[in-house]
Amino acid sequence: MVRRLFLVGIACVGVVVLVVIDRVQVIHWRAARDIELHAATKLSQIRLENAIGLRFNAIEAVTALFVLHPETTAEEFAGFAAMLLRLNSPIRALQYADSNTLITYVYPSQENEITVSNPMLLLADPERGPFVKKAIDQKSMSLQGPFELRQGGTGLVVRSPIFSEEKFIGLAIGVYDVPVLVKEALAGMDLDQFGLRLADGEGRIFWGPKSISENFQEQSVSVADSKWSIELYRTTGSAQFPVASRMLLWGFGGGLLLSVVLLIHFSWERVRGLELSVTGQTKDLSKSNKLLIDEIAVRQQAEDASRASKDRFETAIRRAPIPMVIVDANQDIVLYNDKFTELFGYTHDDVSTAEEWWRAVYPDEIYRQSVQKTWQEAIMQATESGNEIEKQEWGITIKDGSVRRVEFQMTILSDIALIAMNDITERKQVEDELIRYRDHLEELIRERTAELEIKNDALERMNDLFVGREFRIKELRDKVQKVEEQKDLYVVSKTSG
């Protein structure tokens, strides 16, 4: 009776161990999904902040235009705005309001007929006035929206005050298409398994469903002077738990448990002397189960550490206006804007002529000659065709000696030329870092899987050894019985003789 109870106890322990392993496997699977969801949310937040900040630089460029050239004409504004719209597909329109906040210039005029025919005094408008006043008071960019535009669709308006020597001279205004802005920011990301929802600083949802599942990740997105929230969640039916692994666990574990119980039972019936050996094997099995549970605990700790590292992992790229350079007809430097000096280090005292520029920014002679040839050909082609100079991308050496990857676009304004630059170095570095981090997580998972396979192989070899010992004991008992029978025959024959 005691032995039966003992066997029942072993079976219960085995079932409990299988349940624990199964539960840990489920917890691990869910934790991996949470890590993946958190990583996708964080990446989406970084992509949104970078893309929106990059597109808002166009407003800073308009601000710089009027600071440098307050007497900009409507034709010059239209040419400059056309260049910015070609580089920034999410922009619906660019506007300029004078010091009285009366809208003066609008580009394009198509789809903006209401604004052109009936210019608005922004400070007097109850809906727009508070945002305009906020931008002027804080002397920085102010965001309004998202909301339904008069031209149709969902958009947002960015207003940047223009000051010249602390004197307010106007507003640079940009109207952005929100769907285009968001889709551009998330282009190239694998979000097939996820749903996305965006809300503004007051909690109004402008992208995605009104209600979502409880299991979601949320991040704060800095947009100009406001905060959006991005929520990423898994869509229904995505990434179902791998049932095959659970079936394998219960099939193999249940079979192993049943084999152990039957083996102990038959050993007790056949040989009483094997009781100590069976007890030792049971202890070994319990020890193996404990080692397996300890291994799972270690694996869970590693996953917790990975999640903590992921939470600490934060990358923020400082949003900055577009670096700009003004050159004269001889391509000598007239001035640099503050953002150029901040990012690249050069001042007018360092580099003021075209010759000094080429030698400082492109110290390698072969590379410099290649850039000069390509740039001059682009200028000649644009002059002959009457079109804008095509965008160029080159690596430049900044004042501290490092190399930055920069996009160039030049627009001719009467007797001067405006060269707009876009520093894309940090964006590529962030993408490379995220790829390396993802590869590191995959390598950790492969290593842990290999360790579990080694444990399973060891359990199989122990089971084979135990079964082989039983057969050898049976053969030995048969030989002993045969010798006893031969001995009895020999005694009978001697007695008869």
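Values quoted throughout were computed directly from the atomic coordinates according to the rules given, and no laboratory measurement underlies them. Predicted, not measured: the structure shown is a model, and the values here were computed from it. All Cβ positions, even for glycine, are placed from backbone atoms using ideal geometry, and neighbour counts span all protein chains on display.
Ranking VAL8, ASN100, PRO70 by Cα position along the charge dipole of the chain, where only Lys, Arg, Asp and Glu carry charges on their C-beta atoms, puts VAL8 farthest toward the positive end. Sparse packing (at most 11 other Cβ atoms within 10 Å of the Cβ) combined with a DSSP loop state is found for the following GluC sites (Glu not before Pro) in the range 39-99: GLU71. Take each peptide in 174-183, 442-451, count the other Cβ atoms within 10 Å of every residue, and average; sorted highest first, the result is 174-183, 442-451.
Entry note, the range 1-149: relative contact order of 10 percent, from Cα contacts under 8 Å with a spacing of 6+ residues. With a cut-off of 13 Å between beta carbons, the residues surrounding ASP332 carry a summed charge of -4, where Lys and Arg count +1 and Asp and Glu -1. With neighbour counts taken as other beta-carbon atoms within 10 Å, the residues LEU191, LEU413, LEU143 rank, fewest first, as LEU191, LEU413, LEU143.
Length available on full extension from LEU191 to SER117: 0.36 nm per residue minus the Cα-Cα distance, which gives 22.3 nm. Under 17 Å of direct C-alpha separation, and excluding same-chain neighbours fewer than eight residues apart, LYS290 reaches these aspartates and glutamates: ASP22, GLU451, GLU453, ASP457, GLU460. Take every pair of alpha-carbon atoms less than 8 Å apart whose residues are at least six positions apart; their mean separation over the length of the chain yields a relative contact order of 12 percent.
In this structure, the pairs whose alpha-carbon distance is over 21 Å, taken from LYS139/LYS391; LYS339/LYS373; LYS134/LYS227; LYS42/LYS227; LYS134/LYS167; LYS42/LYS428, are LYS139/LYS391; LYS339/LYS373. Only Lys, Arg, Asp and Glu carry charge here, each on its Cβ (+1 for the first two, -1 for the last two); on that basis the chain has a dipole of about 3660 debye about its Cα centre.
If R0 equals 30 Å, the separation of the Cβ atoms of THR425 and ILE379 corresponds to a calculated FRET efficiency of about 0.75. Summarising the label geometry, the points placed 7 Å from Cα in the beta-carbon direction at ASP328 and SER164 lie 2.1 nm from one another. A simple spin-label model places the labels of ASP432 and LEU249 4.0 nm from each other, with each point 7 Å out along Cα-to-Cβ. Estimated at 0.36 nm per residue, the fully extended path between HIS265 and GLN25 surpasses their Cα-Cα distance by 83.3 nm. Candidates MET380, VAL221, SER352 compared by Cα position along the dipole of the chain: farthest toward the positive end lies VAL221, with charges placed on Cβ. Listed values for the range 35-45 are Karplus-derived 3J(HN,Hα) couplings in whole Hz (6.51 cos²θ - 1.76 cosθ + 1.60, θ = phi - 60°), namely 4, 4, 5, 5, 4, 5, 5, 4, 5, 4, 4, and x replaces Gly and Pro. Scanning residues 5 or more positions from ASP332 or on other chains, those with amide H under 5 Å from its amide H are ALA354, with H placed 1.01 Å from N in the peptide plane.
Model label sites at SER414 and LYS290, defined 7 Å from Cα along the beta-carbon direction, differ in position by 8.9 nm. With point charges of +1 on the Cβ of Lys and Arg and -1 on the Cβ of Asp and Glu, referenced to the Cα centre of the range 324-423, which listed residue (ALA329, THR341, GLY401) lies farthest in the positive direction of the dipole? With unit charges placed on the Cβ atoms, the residue in question is GLY401. Think of each Lys and Arg Cβ as +1 and each Asp and Glu Cβ as -1; about the Cα centre, that makes the dipole of the range 324-423 roughly 240 debye.
Over all other residues within a Cβ to Cβ distance under 13 Å of GLY129, the charged ones net out to +1, with Lys and Arg as +1 and Asp and Glu as -1. Shown is the FRET efficiency for GLN372 and ASP478, computed with R0 = 60 Å from the Cβ-Cβ distance and rounded to the nearest 0.05: 0.05.
Just check the range 76-221 against the gyration tensor rule for me: Cα atoms, a ≥ b ≥ c as the square roots of the eigenvalues, rounded for a/c under 1.5, and otherwise prolate or oblate depending on whether a/b exceeds b/c. The shape class here is prolate. For an R0 of 41 angstrom, estimate the FRET efficiency from the Cβ-Cβ distance between SER211 and LYS399 and round to the nearest 0.05. Computed FRET efficiency for SER211 and LYS399 comes out at 0.15.
The peptide list 345-351, 35-41, put in order of mean Cβ contacts within 10 Å with the highest first, becomes 35-41, 345-351.
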